[in-house]
Amino acid sequence: MKLRDFLEAVVPQTGVRIIARMKDGTDAKNKPFKYFQHLPCSTHEEAAQGISTLVKGTKSDVYYALASFKQSFHTNQKGKKVIRVRENVCKLKALWLDIDFKDGLSDHTQVVAALREFSNRTGMPMPSILVHSGNGLHAYWPFEEEIDGTRWQPLAEKLKTVCQEVGLASDHACTADACRVLRPVGGVNWKDPDNPKIVKGI
């Protein structure tokens, strides 16, 4: 799957799209920490080009936001400029799961088998998009239409609850987080710098 096609499938057309890369910084006491550098984009093409440029130009983890946002930079009640916060969410276009290779699921074939069992037990259709993130699998259920966060949240919470009830090992917080970022197709997982892994559809 091409990057732009992937973004068009899971990210809304309406609103500001956000891509991000992980950067290293130091605090006032010179202690290292990691933070997201957010880059707003107005189209899927701009987002795809931005991701490709970051992937080729840096050895850093690159992400994209699944939601679109109302403003590039949103001023919260404390007067701080933020982007990826719930009150700034504009639209969403998919449900998703983030499943790591652990808890008895050591590779993508075992995760796919677990998703099939989940589908058989719950009646939930199999995800139409599967992405190998390097150390796990992202499963997506795209919608035909983009929806508001107020409509999306109950659906995501229900998916989270069902996963918990049937014991599907996934990052449950991620499932119901409208502001979540995940790794895009075509990115590189740099969690192990000596063994970078391509993020790809399967």
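With the convex hull drawn over the C-alpha atoms of segment 80-156, the volume per residue is 129 Å³. Taking a straight line from the alpha carbon of K59, these lysines sit under 19 Å away, with near neighbours fewer than eight places off in the same chain left out: K23, K34, K191, K197, K200. Highest GNM mean-square fluctuation, the chain, Cα pairs closer than 10 Å: which of R84, R17, R116? With Cα springs under 10 Å in the chain, the top fluctuation among R84, R17, R116 is at R116. Working note: Karplus 6.51/-1.76/1.60 with θ = phi - 60° gives segment 172-189 the couplings 5, 5, 4, 4, 10, 9, 5, 9, 5, 10, 9, 7, x, 3, x, x, 10, 8 Hz, where Gly and Pro are set to x. Comparing R180, R86, R121 in a Gaussian network model of the chain where C-alpha atoms under 10 Å apart are linked, the largest mean-square fluctuation is found at R121. Using only side-chain charges placed at the Cβ, +1 for Lys and Arg and -1 for Asp and Glu, the dipole size of segment 9-56 relative to its Cα centre rounds to 260 debye. As an exercise, use a Förster radius of 25 Å and the Cβ-Cβ distance of D27 and V85 to find the FRET efficiency, rounded to the nearest 0.05. Efficiency at R0 = 25 Å is approximately 0.70. Taking label positions 7 Å along the Cα-Cβ direction at both Q13 and E117, the computed distance is 4.1 nm, reported to one decimal. Assuming charge only on the beta carbon of Lys and Arg (+1) and of Asp and Glu (-1), the dipole of the chain about its Cα centre is about 700 debye to the nearest 20.
Just need log10 I(q)/I(0) for the chain at q = 0.09, 0.12, 0.15 Å⁻¹, Debye formula, equal scatterers on the alpha-carbon atoms, no solvent, rounded to two decimals. Calculated log10 I(q)/I(0) at the listed q: -0.34, -0.62, -0.97.
With all protein chains kept in place, the per residue accessible area of segment 17-105 amounts to 56 square angstrom at a probe of 1.4 angstrom. Taking all protein chains as they are arranged and a probe of 1.4 Å, the heavy atoms of K34 leave approximately 140 Å² accessible to solvent.
Solvent-accessible surface of segment 110-202, averaged per residue with a 1.4 angstrom probe and all protein chains in place: 49 square angstrom. Remark: segment 32-38, residue by residue, has Karplus-estimated 3J(HN,Hα) of x, 8, 10, 8, 8, 9, 8 Hz, where x stands for each Gly or Pro and the curve is 6.51 cos²θ - 1.76 cosθ + 1.60 at θ = phi - 60°. Taking the Cβ of D171 as the center, what net charge do the other residues with Cβ under 12 Å away carry, scoring Lys and Arg +1 and Asp and Glu -1? With Lys, Arg at +1 and Asp, Glu at -1, the neighbours total -1. Among the protein heavy atoms of segment 43-135, carbon and sulfur supply 48% of the accessible surface, probe 1.4 Å, non-protein parts ignored. Extension gain for the segment Q77 to K200, taken as residue separation times 0.36 nm less the Cα-Cα distance, is 40.4 nm to one decimal.
Note on Q110 and K191: the model spin-label points, each 7 Å out from Cα along the C-beta direction, lie 1.4 nm apart.
The values are calculated or read from the model by the stated rules, or taken from the named source; none is laboratory data. These numbers come from a predicted model, not from an experiment. Cβ atoms come from the backbone with ideal geometry, glycine included; neighbour counts cover every protein chain shown. Accessible surface is based on the protein model in full, side chains and every heavy atom, while ligands, DNA and RNA are left aside. Shrake-Rupley method; radii C 1.70, N 1.55, O 1.52, S 1.80 Å.
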